[in-house]
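Please read the structure below before turning to the comments.
The values are calculated or read from the model by the stated rules, or taken from the named source; none is laboratory data. These numbers come from a predicted model, not from an experiment. All Cβ positions, even for glycine, are placed from backbone atoms using ideal geometry, and neighbour counts span all protein chains on display. These accessible areas exclude ligands, DNA and RNA; they are computed on the full protein's heavy atoms, side chains included. Shrake-Rupley method; radii C 1.70, N 1.55, O 1.52, S 1.80 Å.
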Amino acid sequence: MTGTTTRRAIPSRRSETKSTVAAIVVAAVSGSVSCLIIASIAKAAGVPHNFEPLSAFPALVVVGVIAGALGWNIVRRRSADPRRQLTRLLPAVLLLSFIPDIVVGATKALPHTTWAGVAALMVMHLAVAACAVPSYRRFLPATTAWA
């Protein structure tokens, strides 16, 4: 009787790069569409149309999903239990992402700031996370074996 060892394939750098780019593109596109819908609803509900963050979000979505994918990959590679670690980190990172919005609301640092506009920004953070996490899970699974 011969013993067999089950080994998971270690992804190549090229396939990892492709997977990371795919995760970022899917998250950025779906996150941007979600934010566009949220911005439209907020403006229709009375948030000033010239509250700039409700128009300048696409670049911020891209930056956010790139940062998220990089962080996700770091946890996947370095954590003994990446699923558990990500389950703990995601809510904390999301809560931290609200801090700049709250600061803008409290200081009225941007022209035409209203708390309704700030609330819309916070909902945008939730929407991008809701788009990014499934994309990362699909393209960058936390169960990948690393050398």
Whole number in Å², please: accessible area per residue of segment 1-142, 1.4 Å probe, ligands, DNA and RNA not counted. 63
Working from the pairwise distances between different alpha carbons, so that the mean of 1/r is found and then inverted, what is segment 53-106's Kirkwood radius in Å? 12.6
Give the share of C-alpha pairs in each 10 angstrom bin for the chain, from 0 to the last occupied bin, in whole percents, shortest bins first. 11, 36, 27, 16, 7, 2, 1, 0
What is the packing order of peptides 103-116, 18-31, 67-80, taking the mean over residues of other C-beta atoms within 10 Å and listing the highest first? 18-31, 67-80, 103-116
Please report the carbon-and-sulfur percent of the accessible area for the chain; probe 1.4 Å, protein heavy atoms only, DNA, RNA and ligands left out. 67
What are the semi-axes of the equivalent ellipsoid for segment 81-147, taken as the square roots of 5 times the Cα gyration tensor eigenvalues, largest first, in whole Å? 32, 12, 8
Shape of segment 13-77, Cα gyration tensor, a/c cut at 1.5: prolate
